[in-house]
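One structure is given below, encoded as structure tokens.
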Amino acid sequence: MVRVVLPSHLRTLAHVDSEVELDVQGVATQRSVLDALEARYPVLRGTIRDHVTLQRRPFIRFFACEQDLSHDSPDSPLPERVADGTEPFLVIGAIAGG
Amino acid sequence: MSKVRVLVGTRKGAFILESDGRRKDWDVAGPHFAGWEVYHMKGSPADPNRLYASQVSSWSGQVLQRSNDGGKTWEAPGGGVTKSPQGWPVGESNRFVYDTSPETGKPLTTHQFYDGTQHPWEFKRVWHLEPSLTDPDTVYAGVEDAAIFRSTDGARSWHELPGLRGHGTGPKWQPGAGGMCLHTIILDTKDPGRIYIAISAAGAFRTDDGGQTWKPINRGLRSQFLPDQDAEVGHCVHHIAMNASRPGVLFMQKHWDVMRSDDAGDSWHEVSGNLPTDFGFAIDVHAHEPETVYVVPIKSDAEHFPLNGKLRVYRSRTGGNEWEELADGLPERNCYVNVLRDAMAVDSVEDCGIYFGTTGGQVYISPDAGDHWSPIVRDLPPVLSVEVQTLA
């Protein structure tokens with residue numbers, strides 16, 4: 001079970017109040033976690049990564065275990081503490097503007 | 001007595017303003033989609049309770065929203081799941097993918113960019129939603145980078161009408177300061193195959209076969225920023241308006257110049273007349289008087305605010321050229337807001353209400369065709385769009 005924390009505007013869009021718990025098939029990676037997230041909440045498709053290229057949107061960041069994972073390969077295994085649900089996978093709206 | 005429902009899109013959410021036919025006392029609902037830009041909302045003429053909204057975020061892109069109850073509740077239609085575990089409707093309706101199939105003509109891969117180089121088409125947002133006149137589930141979307149999409153399943157899925165982008169002039173289109181947006185879609189009320197659209201900065205285009213083929217309709221437009229001022233495309237058309245009873249006559253607010261066409265856009269002539277400045281964004285036509293036109297003059301392309309700090313609407317009862325200043329109830333001093341291209345609308349109550357929203361967050365109404373004005377609300381986020389529904 002992987003825990004995902006969404007930024008508030010995406011929680012509102014998906015109608016979730018708190019963090020999301022997902023059963024992820026196979027190795028927990030950015031791709032597999034986001035696949036599972038979008039399968040459960042189709043309205044989030046296109047809001048975190050591009051519909052077609054599946055690349056992370058420019059103002060979205062991925063943090064976990066006090067690390068910025070945004071530039072890691074989407075197929076790299078996530079930290080073990082994320083994969084086992086100890087730590088959440090954070091989807092962050094980057095600071096933009098003054 | 002009829003009712004009116006005003007749909008206001010702002011930089012930080014959507015608001016719905018409702019009143020009876022007197023249009024004196026208003027209920028204000030919102031913000032819907034708080035924190036998101038709402039570029040445009042519009043109701044279906046075939047089912048006034050069916051509304052569509054374009055919800056946009058720099059962080060999270062485009063979401064299309066739909067309401068079946070006049071804006072009380074909303075859903076993002078489509079996708080493989082219709083209910084979340086919490087019981088809320090969910091879906092996927094924000095997928096706008098340009099048509100690159102070889103079967104549909106000449107799909108383009110680039111357009112002209114600010115620096116003169118060719119740039120690939122990249123979807124950014126939906127600027128304008130235009131529901132079908134007859135089918136609540138059919139709706140058109142004008143998008144940036146400029147293209148037109150259509151949904152026939154209530155915004156669940158979207159398909160480009162690629163004949164517009166592919167008709168031949170696409171590589172000459174270029175973005176205006178606000179981006180290369182298709183911001184105006186007008187459905188002909190008498191000819192179901194005819195649609196007018198406008199793009200900044202490419203110009204106006206028309207289809208007569210329901211969107212399969214398109215042609216530029218810019219003859220008579222002159223733009224000083226073009227090396228060939230009479231070019232076929234490249235003009236920065238800000239908005240076009242049409243009276244539903246007379247679909248062959250169009251009025252245009254161009255970057256500079258207010259223009260008129262009496263032949264469905266085949267040719268245009270200037271009707272700026274005595275306007276104090278003919279720069280502006282918004283333009284609309286009285287619901288019952290096809291020769292009565294409204295504009296909001298803006299000082300210049302560098303100074304996007306009214307002349308001398310006085311917010312004014314100008315009205316022509318002669319189809320242009322002769323304009324009268326409308327001031328009663330509008331700010332007399334220190335007003336430096338803008339009125340954007342989709343932020344003016346009219347109702348079809350007998351004495352025709354005129355509405356416009358400002359980047360200062362005010363929405364003004366004149367319930368008597370422009371003679372007297374008052375704010376419905378004063379302190380909304382910057383207003384991007386205003387549409388009005390007249391309800392039985």
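With a 10 Å cut-off around each Cβ of B:59-70, the average count of Cβ atoms from other chains is 4. Where the alpha-carbon atoms of chain B are placed on the principal axes, they occupy 57, 55, 38 Å, in descending order.
Its Cα centre serving as origin, chain B has a Cβ charge dipole (Lys and Arg +1, Asp and Glu -1) of approximately 760 debye.
Heavy-atom accessible area per residue, chain B, 1.4 Å probe: how many Å²? Please report the intermediate quantities before stating the final value.
Numbers: 14810 Å² over 392 residues.
I get 38 Å² per residue for this part.
Over the C-alpha atoms of the protein assembly as shown, the Rg to Rh ratio, Rh being the Kirkwood estimate, stands at 0.99. Accessible area of B:Y336 (1.4 Å probe, protein heavy atoms only, ligands and nucleic acids ignored): about 130 Å². Annotation note: GluC sites (Glu not before Pro) in segment A:33-98 located in DSSP loop regions with a Cβ neighbour count of at most 15 within 10 Å are A:E66.
What part of the accessible area of chain A, given as a whole %, is carbon or sulfur when the probe is 1.4 angstrom? Walk me through the numbers on the way to the answer.
On the way: 2420 of 5000 Å².
On chain A, the fraction of accessible area on carbon and sulfur atoms equals 48 percent.
So with the 1.4 Å probe, I'd like the accessible area per residue for segment A:4-98, rounded to whole Å². Numbers along the way, then the final one.
On the way: 4850 Å² over 95 residues.
Per-residue accessible area for segment A:4-98 comes out at 51 Å².
The mean number of partner chain beta-carbon atoms within 10 angstrom of a residue's beta-carbon across peptide A:10-16 is 5. Tally up the carbon and sulfur contribution to the accessible surface of segment B:215-299 as a whole percent, 1.4 Å probe, everything protein left in place. C and S fraction of accessible area: 48 percent.
Using a Förster radius of 51 Å, what is the FRET efficiency between A:A39 and B:D209 based on their Cβ-Cβ separation? Nearest 0.05, please. Result of the calculation: an efficiency of 0.80.
Accessible area of B:S374 (1.4 Å probe, protein heavy atoms only, ligands and nucleic acids ignored): about 50 Å².
Cross-linked pairs B:K124/B:K215; B:K190/B:K215; B:K254/B:K310; B:K42/B:K254: no Cα-Cα separation exceeds 30 Å. For segment A:42-77, a reduction of at least 30 Å² in accessible area between the chain on its own and the assembled protein chains (probe 1.4 Å) is found at A:P42, A:V43, A:R45, A:T47, A:H51, A:V52, A:R57, A:F59.
At the residue level, A:F63 shows approximately 70 square angstrom of accessible surface with a 1.4 angstrom probe and all protein chains present.
Heavy-atom accessible area buried between chains A and B is around 1800 Å² (1.4 Å probe, both sides summed).
Between B:R333 and B:M1, full extension at 0.36 nm per residue minus the direct alpha carbon distance yields a gain of 115.9 nm. The packing ranking of peptides B:20-28, B:360-368, highest mean first, is B:360-368, B:20-28, where packing means the average number of other beta carbon atoms within 10 angstrom of each residue. Among B:V388, A:V43, the sequence by solvent-accessible area, most first, with a 1.4 Å probe is B:V388, A:V43. The accessible-area ordering, largest first, of the residues A:L90, A:L69 stands as A:L90, A:L69, per a 1.4 angstrom probe.
Distance from the alpha carbon centroid of segment B:195-235 to that of segment B:117-160 works out to 19 angstrom. The separation of segment A:47-75 from segment B:275-303, counted between C-alpha centres, amounts to 45 Å.
The values are calculated or read from the model by the stated rules, or taken from the named source; none is laboratory data. If you're wondering where the values come from, they're calculated on a predicted model, not measured in any experiment. Here Cβ is always computed from backbone atoms with ideal geometry, including for glycine, and neighbour counts include all displayed protein chains. Surface areas here come from the heavy atoms of the whole protein model, side chains and all, with no ligands, DNA or RNA. Shrake-Rupley method; radii C 1.70, N 1.55, O 1.52, S 1.80 Å.
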